[in-house]
Amino acid sequence: MSVVNSLRPGPGQIVTANEIMSGRAVWLTADGSWSDDPRAAAFAESAEDAAALLARAQADNAASRVELVALVAAERDTDGRPWPVRNREIIRALGPTVRPDLGKEAAAG
Amino acid sequence: MYRYDEYDEVIVRKRIAEFRAAVSRRLSGELSEEEFKLIRQMNGVYLQLHAYMLRVAIPYGSLNPRQMRKLADIARRFDRGYGHFTTRQNIQYNWIALADMPDVLEALAEVDMHAIQTSGNLIRNVTADPYAGAAVDEIDDPRPYAELIRQWSTLHPEFSFLPRKFKIAVTAAPHDRAAVRFHDIGLILRDDPDLGRGFEVIVGGGQGRTPFVGPTIRTHLPEAHLLPYLEAILRLYNEHGRRDNAYKARIKILVHALGAEEFARQVEAEFARILPQSDDLPVRELARIRAHFVTPDFEALPATDPSFEEARRRDPAFARWVDRNLAPHKRPGYAILNIPLKPKGGIPGDATAEQMETVADLAERYGHDDIRVTHEQNLVLPHVRLRDLPAVHEALVAAGLATANLGLVSDIIACPGLDYCVLANARSIPIAQKLSERFAGTAREAAVGELHIKISGCINACGHHHAGHIGILGVDKKGTEMYQLTLGGSADESAAIGEITGRGFDAEGIIDAVETVIDTYLAHRDAGETFLATYRRIGAGPFKEALYGAH
Ligand code: SF4
């Protein structure tokens, strides 16, 4: 599984966290739910939008839905959907690169 | 094998009940993330990139088959069918749901296991020579001492909030298989012709951001004085260790700042003060603990076995495996069997539930119920009869555990790195896998012989890269995974910290760079000379030239 190497700040940001029960990586969507797929995430292009998303996520942290809330750099893929920029975040999105059998794609398929 | 007493049992059960309550209080929102984090970490639970990780203590790396089977059972029932044996002689699970954690801890408690002392700023799980009780070169079994330290340090009220974590390793053999010079305290048991039995005490070794080979502060400490002396060291550290800066909080920084001599002087002063007040409890305790480490019921056997010799002649694969993975046992007719968890292209230290069960079965059938975990992420059956080795080999082949590569290029240590770890800068495992793919089982690997490659995904150095003959450190350079190369490190009695060769390499380049280093060694070595010996003789120059060209 290849990981794109880039530290461009990215044109936008998405909010990520770990779901509290399973610990799995999740992303905050526009309707306020959490998705396993960063492509479903709400994409903030301004500082205000990012702050609003973060506030919503922190409320979910206080309500014990998620842990380790973070705003991370993102860009849009060719279909216009958000995708994280940093290696670490891409690996969180895909699962361990050394166990593709256990990744998110495998779990979904 | 040591059995828990009632006291341990009570502590463990109480901790699980507390943890269960904490989990439900976090889930109900009563505890904040920060509050809960402190509690979960005290119970060995970390939140990693994809899931919760549970680190289970394996005191001095010693397991019985029942415990190993329980580890397999947990892997299957609560994880995804595997576990990861670490450089701390522990096991980590990568995928356990928070709600299951208390049940997993209960399951562990059924076999006298727990996750206490696997995290936090306290005295961590004590490690020891994995060949303890079997090695030809040991003067005694070091595990009773390790157990004494474990009991003394478990939930020690004075030392539960140290400036930083604290690791102690014990060996009783001249060949150091426990990396004692890279621990906060390293202990080497020796018999002195004049002074009798005692410990060499090494303090302030360690890896991480500021690596040190620990200096010796006492060449001979009578065994009866062990605990008061450790207490003196810990008290000094507890008072003067730097709590203001996590990067400077380990005891190695204090020892280095004061100088080993001055540090030793202050320890001796405190020791002299407390010694008269200490009773002989440790000595009595030691006797009680020793009684639990029963010497296996060894058979009186001749030094060789005809069926073993016959299998060696007949089966080249068996012969290679024997030549590589066995170590001499103190009893004739027995061997110490290493089981590398390093299959070609595999993930260092990972074992499936089925593999754990195979090892448990073999230990039960052929190995006096004894299993060890090494800091090189391998397993050991310390007591196997030579005549049983063909059957053991056959079972290991079937389980994918018969790789004949102990100590060779493909016997690589690698930390979880960016595939799992929240602190990582780069991936470690794929580098190990690519190196293994290139070298494992090749004639070149056999020609190179003893060579230890160690890989860490960040400067915390869980993959012990500083102590690798070839060390690889993953860094993040402007968003790209890059790898620094160090040469000449060593973890045994020739302990040394590797030197950085120069600028780093990308993920492809590092594989070629290792190949270049190996080529250079082969071109320069004298007959029978190991990589480390050649490196020490010719220095870094020829390697740097081969890697970067003449400047
Ligand atoms: S060395 Fe760094 S990346 Fe590797 S396990 Fe330790 S903290 Fe994680």
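Below, the figures for the structure above:
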quantity	calculated
Flag for B:Ala424 being assigned to a loop (DSSP other than H, G, I, E, B), within 16 Å of the ligand (Cβ to nearest atom) and not assigned by TED's automatic domain parsing to the domain that holds B:Ala51	yes
Which numbered condition B:Tyr420 fails, given (1) open to solvent by less than 10 Å² (accessible area, probe 1.4 Å); (2) within 21 Å of B:Tyr82 (Cα to Cα)	(1)
Number of positions in the range B:136-154 that are within 18 Å of the chain's Cα centre (by Cα) and open to solvent by 10 Å² or more (accessible area, probe 1.4 Å)	2
Qualifying residues in the range A:45-89 (those that are among the β-branched types (Val, Ile, Thr) and more than 10 Å from every other protein chain (Cβ to nearest Cβ)) - the one farthest from A:Gly32 (Cα to Cα)	A:Thr78
Given (1) within 22 Å of B:Phe212 (Cα to Cα); (2) open to solvent by 20 Å² or more (accessible area, probe 1.4 Å); (3) touching a strand residue (DSSP E or B) at 6+ places or on another chain (Cβ under 8 Å); (4) without any contact (Cβ under 8 Å) to a residue 60 or more places away in the chain, number of the condition B:Gly498 does not satisfy	(2)
The one condition in (1) outside any helix (DSSP H, G or I); (2) within 16 Å of the ligand (Cβ to nearest atom) that B:Leu401 fails to fulfil	(2)
Residue match in the range B:447-464 (condition: out of contact with any strand residue (DSSP E or B) (no Cβ under 8 Å at 6 or more places or on another chain), more than 12 Å from the ligand (Cβ to nearest atom), under 22 Å from B:Ala169 (Cβ atoms) and open to solvent by 10 Å² or more (accessible area, probe 1.4 Å))	yes
Every residue from the range B:48-59 that is farther than 13 Å from B:Leu105 by Cα and open to solvent by 10 Å² or more (accessible area, probe 1.4 Å)	B:Gln48, B:His50, B:Pro59
All helices (runs of 4 or more DSSP H) inside the range A:33-109 with 3 or more residues being over 29 Å from B:Pro348 (Cβ atoms)	A:47-62
Residues located in the range B:177-215, provided they are open to solvent by less than 10 Å² (accessible area, probe 1.4 Å) and either among the acidic types (Asp, Glu) or not in a loop (DSSP other than H, G, I, E, B) (or both)	B:Val180, B:Asp184, B:Ile185, B:Gly186, B:Leu187, B:Leu189, B:Gly198, B:Phe199, B:Val201, B:Ile202, B:Val203, B:Gly206
Criterion (modelled with pLDDT of 95 or more and either in contact with a helix residue (DSSP H, G or I) (Cβ under 8 Å, 6 or more places away or on another chain) or open to solvent by 20 Å² or more (accessible area, probe 1.4 Å) (or both)) met by exactly one of B:Asp129, B:Asp73	B:Asp73
Condition check for B:Arg444: touching an Asp or Glu at 6+ places or on another chain (Cβ under 7 Å), surrounded by fewer than 21 Cβ atoms within 10 Å (Cβ to Cβ) and more than 14 Å from every other protein chain (Cβ to nearest Cβ)	no
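The values are calculated or read from the model by the stated rules, or taken from the named source; none is laboratory data. Keep in mind that this is a model prediction, so the values were computed, not measured. Counting neighbours? That spans all protein chains shown, and the Cβs are built from the backbone with ideal geometry, glycine included. When the accessible area is computed, the model is the full protein with side chains, heavy atoms only, and any ligands, DNA or RNA have been set aside. Shrake-Rupley method; radii C 1.70, N 1.55, O 1.52, S 1.80 Å.
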